[in-house]
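**Student:** The structure is given below, and queries will be raised subsequently.
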Amino acid sequence: MSRRDASLPRVAVIGAGSWGTTFGKILADGGAHVTMWARRPELAHEIAEAKRNSEYLPGINLPRTMTATHHLSEALEGAEQVYLSIPSQAVRQNLKAVRPLVTRTEAPIVSLMKGVERRTGLRMSQVIEQELHCDPARIAVASGPNLALEIAREQPTAAVISSTSQETAEAVARRARNRYFRTFVNTDVIGTEFGGVLKNLIAVAIGIVDGVGYGENTKASIITRGLVEMTDFAVAFGAHPETLQGLAGLGDLIATCQSPLSRNNTAGRLLGQGYRFDDVVKQMNQTAEGLASVAPILQLAREVGVQMPIVEQVKMVLDGTMNPKDIAPHLTTDDDTPKGERTQNGQAGGGGALWRSLQRALDQFRHGGRGAAGDRS
């Protein structure tokens, strides 16, 4: 294991998959000493000694200020910030072991996860609050157009750090940035988390139509109407619509829908090619969070009266009750009556909304976040 530099701030990353390891690299390249926790001893040894994670990030050299252990207590010892990157359906179980190790500290707890708990429908920050018995102001979430392998290759991108506490968001954002990774902040945790969850569902739909062989018109239509569904849903739960027009919404949606590196897009593509749901799960060596989130998201949508026809179609494909060739944006209305292109929360038409969203996302990259109300660097 590498020798710690006592002058560097110490952070812990719980979970050593592709995204957890990539975020560890972000933090190390930003000037922190990072200790990863890996479930498997052999993976911890490879990260600590070879500075590699060949299973999840092939060909990537990790910084010398990154190390790893399979002992949770060792990873968390002295950590000033704790980052969680665990499959969403396993979070609660893992947090039970984390709780006694962080209860006597004030270290911010940062969720890198994009999912909802299948049994309860809770967002990851809510599960963290329940299991760690900690003040919500201590919890932050990170989201944005963040495909792990691209960032591990140091291709520039940006993300949003959100917390109900502006102070916590800013503290995490200052730590989680470097020359290729820029962080912005907001206090809309609901919108930031739901943006990361909902874009996965739309990405599965895009993957399905891609697997079927449909072209760019179909994909563009689903992305546009998918953004409307995302916004309707998130706003119904208290999110700010501006958040869905920023990096955590539109930005993440574009990256996830268009990239073959996206696990959710890949899962959808396999479904579109005719694979059954169980076969898709077997073929994926990493978790596609969108597959597990479809049912709980639709249940939550029904509880608040939000219609999500694209996500409904995805569920029908998953259940085997819809032919993948039939998934299409022209099936997202109940009848043939012409309808205005408006969201259910009364926002402006979808075409104008999408254009403003694109402008907002571009402004964030060009002008240091000043183009997006609520996302401040």
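The values are calculated or read from the model by the stated rules, or taken from the named source; none is laboratory data. Keep in mind it's a predicted model, so treat the numbers as computed, not measured. As a convention, Cβ positions derive from the backbone with ideal geometry for all residues, glycine included, and neighbour counts pool all protein chains shown. These area figures cover heavy atoms from the full protein model, side chains too; ligands, DNA and RNA do not enter into them. Shrake-Rupley method; radii C 1.70, N 1.55, O 1.52, S 1.80 Å.
**Student:** Would you please list the contacts, defined by Cβ atoms under 7 Å and residues six or more apart or on different chains, that run from a residue in region 199-215 that is within 13 Å of Met322 (Cβ to Cβ) and among the β-branched types (Val, Ile, Thr) to a residue that is outside any helix (DSSP H, G or I) and open to solvent by less than 20 Å² (accessible area, probe 1.4 Å)?
**Tutor:** Filtered contacts from region 199-215: Ile208/Ile327; Val209/Ile327.
**Student:** Can you confirm whether Thr183 is under 30 Å from His33 (Cα atoms), outside the structural domain of Glu312 (by TED's automatic domain parsing) and open to solvent by 10 Å² or more (accessible area, probe 1.4 Å)?
**Tutor:** no
**Student:** Let me ask something else about it. Could you grab me the full set of residues in region 201-220 that are open to solvent by 10 Å² or more (accessible area, probe 1.4 Å) and among the hydrophobic types (A, V, I, L, M, F, W, C)?
**Tutor:** Val212, Ala220
**Student:** Find the residue count for region 314-329, including only residues that are touching a Ser or Thr at 6+ places or on another chain (Cβ under 8 Å) and part of a helix (DSSP H, G or I).
**Tutor:** 1
**Student:** Tell me which strands (runs of 3 or more DSSP E) are completely within region 128-239 and hold 3 or more residues being farther than 25 Å from Leu300 by Cβ, over 14 Å from the mean Cα position of the chain (by Cα) and modelled with pLDDT of 95 or more, or say none if there are none. Walk me through how you get there before you give the answer.
**Tutor:** On the way: elements: 139-143, 157-162, 181-186.
The strands (runs of 3 or more DSSP E) meeting that bar are 181-186.
**Student:** Scan Leu72, Leu76 and give me the residue that is of a type outside the set (Ser, Thr, Tyr) and either closer than 13 Å to Arg39 by Cα or not assigned by TED's automatic domain parsing to the domain that holds Asp29 (or both).
**Tutor:** Only one candidate passes the filter, namely Leu72.
**Student:** Just to be sure before I move on: is Ala90 open to solvent by 20 Å² or more (accessible area, probe 1.4 Å) and of a type in the set (Gly, Ala, Ser) in the structure I sent?
**Tutor:** Values: open to solvent by 20 Å² or more (accessible area, probe 1.4 Å): yes; of a type in the set (Gly, Ala, Ser): yes.
Yes.
**Student:** Does region 266-285 include one or more residues that are part of a loop (DSSP other than H, G, I, E, B), at pLDDT below 75, within 28 Å of Ala16 (Cβ to Cβ) and within 19 Å of the chain's Cα centre (by Cα)? Even if it seems obvious, please write down each step before you answer.
**Tutor:** We begin by selecting, within region 266-285, every residue part of a loop (DSSP other than H, G, I, E, B); these are 273-276, 284-285.
Next cut, at pLDDT below 75 only: 284-285.
Those left that are additionally within 28 Å of Ala16 (Cβ to Cβ): 284-285.
When the remaining residues are screened for being within 19 Å of the chain's Cα centre (by Cα), the result is 284-285.
Yes, region 266-285 contains a residue that is part of a loop (DSSP other than H, G, I, E, B), at pLDDT below 75, within 28 Å of Ala16 (Cβ to Cβ) and within 19 Å of the chain's Cα centre (by Cα).
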